[in-house]
Amino acid sequence: MKRFLPFILILIFFFSCKKFIQQQEENAVIKIMTNGVWYVQTYNQNDTSIAALFAGYTFQFEADGTVLAIKDSATVATGTWVGNVDNETINSNFPGAAIPLDQLNSLWKITDSSPTSVVANTTIGTDMEFLVLLKQ
């Protein structure tokens, strides 16, 4: 048993470090998402742009997992968001929302991102959705 003690300690250290690193990555994503206001620059449904439907909307992501949809300086809907660093996804949901906010209710695969932009796609029914969010 004494021979295995160093191995067990190394495993514990490895998993603790991995969890710490993952937590730091998640904290960084939350900080980026919650620091500023976002807007829809591009939204394509199949090959058709529907970005104009989002004109005037901005989105404020909160650290508690809520997201506010704001139009003309007023909150028009409150939804939820969950980012997953490992899967490079973000799940957003505006319960009971009408067009265009209901278009955001999905699990989005993030294909590119920076501190000021997120590029993602998803499939809703038979429609391929492509989204670019930019930070104001």
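Screening F61, F130 for residues that are touching a residue at least 24 places away in the same chain (Cβ under 8 Å), of a type in the set (F, W, Y) and under 20 Å from G36 (Cβ atoms) leaves exactly one candidate, F61. Within segment 91-104, the set of residues being within 14 Å of V40 (Cβ to Cβ) and under 14 Å from the mean Cα position of the chain (by Cα) comprises S92, F94, L104. In segment 45-72, of all residues being in contact with a strand residue (DSSP E or B) (Cβ under 8 Å, 6 or more places away or on another chain) and in a loop (DSSP other than H, G, I, E, B), the one that is surrounded by the most Cβ atoms within 10 Å (Cβ to Cβ) corresponds to I50. S114 satisfies every condition listed in (1) over 20 Å from Q136 (Cα atoms); (2) among the hydroxyl-bearing types (S, T, Y); (3) loosely packed, with under 14 Cβ neighbours inside 10 Å except (1).
Just so you know, all these numbers are worked out from the coordinates, no wet-lab data involved. This is a predicted model, so every value here is computed, not measured. With ideal geometry, Cβ positions are generated from the backbone for all residues, glycine too; neighbour counts draw on all protein chains shown.
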